[in-house]
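A.B. asks: Sending over a structure as structure tokens; questions will come in a sec.
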Amino acid sequence: MTSLSPSRADAGPTDPAAPLLAVRDLTVEYKTDAGMVAAVERLSFDVGERQTLAIVGESGSGKSAAAMALMGLLPRTARVTGSIRFRGEELLGRSERQLREVRGRRIGIIFQDALAALNPMMTIGAQIAEAVSVHDPSLGPKELAARAADLLGLVGIPSPETRLHEYPHEFSGGMRQRVMIAIGMANEPDILIADEPTTALDVTVQAQILEVVRHVQERTGTSILLITHDLGVVAGVADRVMVMYGGRNLETGGVEAVFYQPSHPYTRALLDALPRIDRRVPRLAQIPGNPSPPGRRPPGCPFQSRCPHARPALCGAESASPLQVADLHTTSCVRVREIESELR
Ligand SMILES: Nc1ncnc2c1ncn2[C@@H]1O[C@H](COP(=O)(O)OP(=O)(O)OP(=O)(O)O)[C@@H](O)[C@H]1O
């Protein structure tokens with residue numbers, strides 16, 4: 001039986017050493033005709049040194065809003081509260097100029113759509129060199145070209161010295177995404193935020209890009225925050241996973257713990273929907289209903305209206321903090337223990 005106690009911090013699991021990134025009670029609200037609505041509510045998590053955390057959630061769960069808040073890239077009309085500490089320093093409330101210094105140098109970013117992010121009129125080499133020189137203007141053209149070639153080599157692009165002189169349209173979709181990773185890594189950031197880096201690619205290329213991400217992590221030791229709607233891409237890449245739904249963190253834990261001992265019914269439903277090699281007929285479970293949009297979410301668990309185990313009196317109440325189900329494994333499900341025995 002799982003031992004259950006309130007987690008050590010509101011925040012869920014924390015490393016004994018100060019984490020590289022510590023997010024606490026992050027709330028992102030957007031201004032709409034109906035007033036301010038929360039896309040992200042009281043989100044708390046840590047990313048440790050050399051760690052890969054995957055944030056998983058379906059469309060509308062607030063993953064991008066959370067990532068944009070971390071990068072300081074939300075529209076001005078959005079209101080952000082809580083705390084985002086990077087190496088102990090608070091990032092929320094910093095000026096755009098101060099944030100620009102952190103972004104790129106200490107926090108690298110890879111966006112989903114490489115074609116839109118790359119300049120079609122500039123060679124790949126010039127674009128990588130530009131990313132390097134923004135933060136290291138002392139480098140001359142030869143050093144910049146050498147650095148750009150190294151970065152292309154890091155992400156597995158063959159003949160990097162030649163390919164530096166080519167333009168984005170001469171690269172395939174997968175190769176362009178490798179270039180984006182090279183640009184994200186240009187200044188050897190402490191953490192790389194990858195927002196759906198494989199979504200626009202076909203399945204074989206997706207696997208290759210995830211392999212590149214894993215290789216870059218191993219070679220450089222950078223921490224990675226991987227944002228994805230696909231729980232299937234998480235297993236081989238991440239150390240830890242946080243499952244988001246309705247703007248909230250429903251479950252956080254090590255990848256094995258979350259995959260083999262999921263503690264939230266929503267995580268269980270996501271896992272049931274994954275095609276598996278050991279099932280001859282894929283069981284593509286459908287979760288009845290739709291997520292409620294921000295502003296129309298009930299108090300308590302955002303998944304309750306779709307949850308087969310929900311008890312309104314319990315699940316409709318706001319719980320103060322997540323529950324710890326095992327070491328470094330937390331859940332927001334207040335019925336976790338009863339559901340465990342019901343399923344046994
Ligand atoms: N500028 C905005 N103004 C108002 N609401 C917004 C704005 N941007 C996003 N939202 C809403 O906030 C919620 C969370 O959006 P977000 O894009 O963070 O979700 P997501 O999990 O990243 O989904 P997706 O993968 O589809 O981008 C959604 O319901 C979305 O409609």
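A.B. asks: With respect to the numbered conditions (1) in contact with a Gly (Cβ under 7 Å, 6 or more places away or on another chain); (2) more than 19 Å from R42 (Cα to Cα), which one is the sole condition not fulfilled by A273?
C.D. replies: (1)
A.B. asks: So, one more: Would you check which residues across segment 193-205 are buried (at least 24 other Cβ atoms within 10 Å of the Cβ) and either modelled with pLDDT of 90 or more or in a helix (DSSP H, G or I) (or both) and list them?
C.D. replies: I193, A194
A.B. asks: Right, another one. Which one of these does L274 not meet: (1) among the aliphatic types (A, V, I, L, M); (2) modelled with pLDDT under 95; (3) within 16 Å of the ligand (Cβ to nearest atom)?
C.D. replies: Single failed check for L274: (3).
A.B. asks: Any residue at all in segment 86-96 that's of a type in the set (S, T, Y), assigned to a loop (DSSP other than H, G, I, E, B) and either more than 8 Å from the ligand (Cβ to nearest atom) or surrounded by 18 or more Cβ atoms within 10 Å (Cβ to Cβ) (or both)?
C.D. replies: Looking through segment 86-96, at least one residue is of a type in the set (S, T, Y), assigned to a loop (DSSP other than H, G, I, E, B) and either more than 8 Å from the ligand (Cβ to nearest atom) or surrounded by 18 or more Cβ atoms within 10 Å (Cβ to Cβ) (or both).
A.B. asks: Sort out for me the strands (runs of 3 or more DSSP E) sitting completely within segment 206-267 that have 1 or more residues that are closer than 24 Å to I157 by Cβ.
C.D. replies: 223-228
A.B. asks: So, in segment 27-58, exactly how many residues are within 12 Å of the ligand (Cβ to nearest atom), part of a strand (DSSP E or B) and closer than 18 Å to L225 by Cβ?
C.D. replies: Counting residues in segment 27-58 that are within 12 Å of the ligand (Cβ to nearest atom), part of a strand (DSSP E or B) and closer than 18 Å to L225 by Cβ gives 6.
A.B. asks: What's the number of the only condition in (1) within 15 Å of the ligand (Cβ to nearest atom); (2) under 20 Å from I181 (Cα atoms); (3) among the small types (G, A, S) that A114 fails to meet?
C.D. replies: Tallying (1) within 15 Å of the ligand (Cβ to nearest atom); (2) under 20 Å from I181 (Cα atoms); (3) among the small types (G, A, S), A114 fails exactly one: (1).
A.B. asks: Another question about this same structure. Return yes or no: is V80 within 12 Å of the ligand (Cβ to nearest atom), of a type outside the set (D, E) and modelled with pLDDT of 95 or more?
C.D. replies: no
The values are calculated or read from the model by the stated rules, or taken from the named source; none is laboratory data. Quick caveat: nothing in here was measured; it's all calculated off a predicted structure. Here Cβ is always computed from backbone atoms with ideal geometry, including for glycine, and neighbour counts include all displayed protein chains.
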